[in-house]
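What follows is a single structure, written as structure tokens, with notes after it.
The values are calculated or read from the model by the stated rules, or taken from the named source; none is laboratory data. What you see is a predicted model, and the numbers here were worked out from it, not measured in a lab. All Cβ positions, even for glycine, are placed from backbone atoms using ideal geometry, and neighbour counts span all protein chains on display. Ligands, DNA and RNA are excluded from the accessible area calculation, which covers all protein heavy atoms including side chains. Shrake-Rupley method; radii C 1.70, N 1.55, O 1.52, S 1.80 Å.
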Amino acid sequence: MSLRDTSGRVRTASLGTAVVTAGALALTGCGAGGAPAEDELTVLVEGGGLAELQPIADLYEQETGTTVTFVELPYDGLYDRIQSELGSGSVSFDVAALDAIWLSAFADGVTPLGDLFTDDVKADLFPGLVSEAQVGGEYVGMPVFTNSEILYYRTDLFEDPQNQADFEAKYGYPLAPPTTWEQYRDAAEFFTRDTDGDGEIDLYGTDVKGAVETEWLATVSQTGEEHMVLDPDTGEVTIDDAEHLAALDYYTSLLPYAPAGAAQLDWAGAQNLFYQGQLAMMRFWGHAYTQTPADSPVAGQIGAAPMIGGAGGVAGVPGAWYLSAPAAGTKQDLAKDFIAFAYEHNDLSIDTSLGLVARISAFESQAGVAGRENYPAILETLNAPATRARPATPQWQEIVDTVLTPMLQKAVEPGADNAALLKEAEAQIEAILQ
């Protein structure tokens, strides 16, 4: 899994395999003279997202006769390729799939797509995606699929009659999937226990991820904070305010109910803990609902619910990918036609390995469908008023890598001073933005 896994998707292609595949596809995408054929589109895509686009490309080829050639790259390789080619003004691709956090960095090199964002289109996209797609007043990418953290919980634990009776006796209200910070902490405390009587805790209520920033950012939005970390419009750094401190204090208050080693725990580690039966609850990306290993002790015993909420209500962080066309591309009309087609047929991504889509109607179409119980949870979380996209700034990845993740790793260590850490982070971010 990539260290920059901002959309919460499992990276399925290894570095070596992806590079070889990309090279082969790049060669087949050119004619004898090296120029791409007019009836062909070349699409750059990250390995984990190829499956979501394949059925769309297949139908596009069938209906238009235009061949869609995917150039599949690992996450970092995709970023580097796009950055290099947009910077040179000479591009070998017609469409690229961009992680949301790249939009600001590449906005000057891609074609505005404002004419595709009709009122009907915007009404069928989550508000956070519509705002995220805009940089400097221009729409620079069309969402192709999105994700959000939701709540996972062990149904065998939550539906156990003895647990239900014991929980209500201790906390004064029925045991149910938590919806608030307080309920989540109560449940985390309740389920942290020694289950086999050997004197060692072997079941924890939750995990605390110190090696990734997105879950804490969701907690910030749950406070009602309108500008997580910074306000991109004014450049004001907001990370040292009361809401960010409340979020960090709550985030670290869960440490007594989580396994040791939080400073190094990332998405893959947390997922493994849950699948091994060591966690009663987990806040995790919505696509994971269908990816439980068959031999997991919790297989068939996992429930999905919307992300929890603080004073500002339920909130997650959209993990979206967008389709964009390079401004230097020679097939502008064809590229935009494919991007519009991908939006129109977004529902084709439902039955792919990750099952991620972007349109509200596509999520709603699966209501009551067995195996898609995660869809209502994702839908409610992404539609929540407090759910907000990450700040649109070209320096965002640098801020994450050099400030936010190191700050969280310090915050989850014993004796951490959260207020001091936020103040230090503020100074570091201001220096980056200068």
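Tabulated values for the structure
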| read-out | value |
| --- | --- |
| 3 or more residues within 15 Å of the chain's Cα centre (by Cα) and buried (at least 19 other Cβ atoms within 10 Å of the Cβ): qualifying helices (runs of 4 or more DSSP H) within region 352-434 | 374-383 |
| Residues (open to solvent by less than 10 Å² (accessible area, probe 1.4 Å) and either modelled with pLDDT under 95 or of a type outside the set (A, V, I, L, M, F, W, C) (or both)) located in region 330-351 | 346, 349 |
| Pair list, Cβ < 8 Å and 6+ apart or interchain, from region 188-214 residues that are within 30 Å of residue 404 (Cα to Cα) and in a strand (DSSP E or B) to residues that are open to solvent by less than 10 Å² (accessible area, probe 1.4 Å) and of a type in the set (Phe, Trp, Tyr) | 203/191; 204/191 |
| Residue among 204, 275, 251, 173 that alone is open to solvent by 10 Å² or more (accessible area, probe 1.4 Å) and closer than 24 Å to residue 410 by Cα | 204 |
| Residues that are in contact with a Ser or Thr (Cβ under 9 Å, 6 or more places away or on another chain) and either within 18 Å of residue 216 (Cβ to Cβ) or surrounded by 14 or more Cβ atoms within 10 Å (Cβ to Cβ) (or both), drawn from region 292-306 | 298, 301, 302, 303, 305, 306 |
| Residue 68 being at pLDDT 95 or above, of a type in the set (Val, Ile, Thr), touching a Gly at 6+ places or on another chain (Cβ under 9 Å) and open to solvent by 10 Å² or more (accessible area, probe 1.4 Å) | no |
| Residue that is surrounded by the fewest Cβ atoms within 10 Å (Cβ to Cβ) [pool: residues in region 207-248 that are in contact with a helix residue (DSSP H, G or I) (Cβ under 7 Å, 6 or more places away or on another chain) and of a type in the set (Asp, Glu)] | 240 |
| Search result, residues across region 74-125 that are open to solvent by less than 30 Å² (accessible area, probe 1.4 Å) and of a type in the set (Asp, Glu) | 85, 94, 99, 124 |
| Conditions (1) among the hydroxyl-bearing types (Ser, Thr, Tyr); (2) without any contact (Cβ under 8 Å) to a residue 60 or more places away in the chain; (3) within 17 Å of residue 286 (Cα to Cα): number failed by residue 402 | (3) |
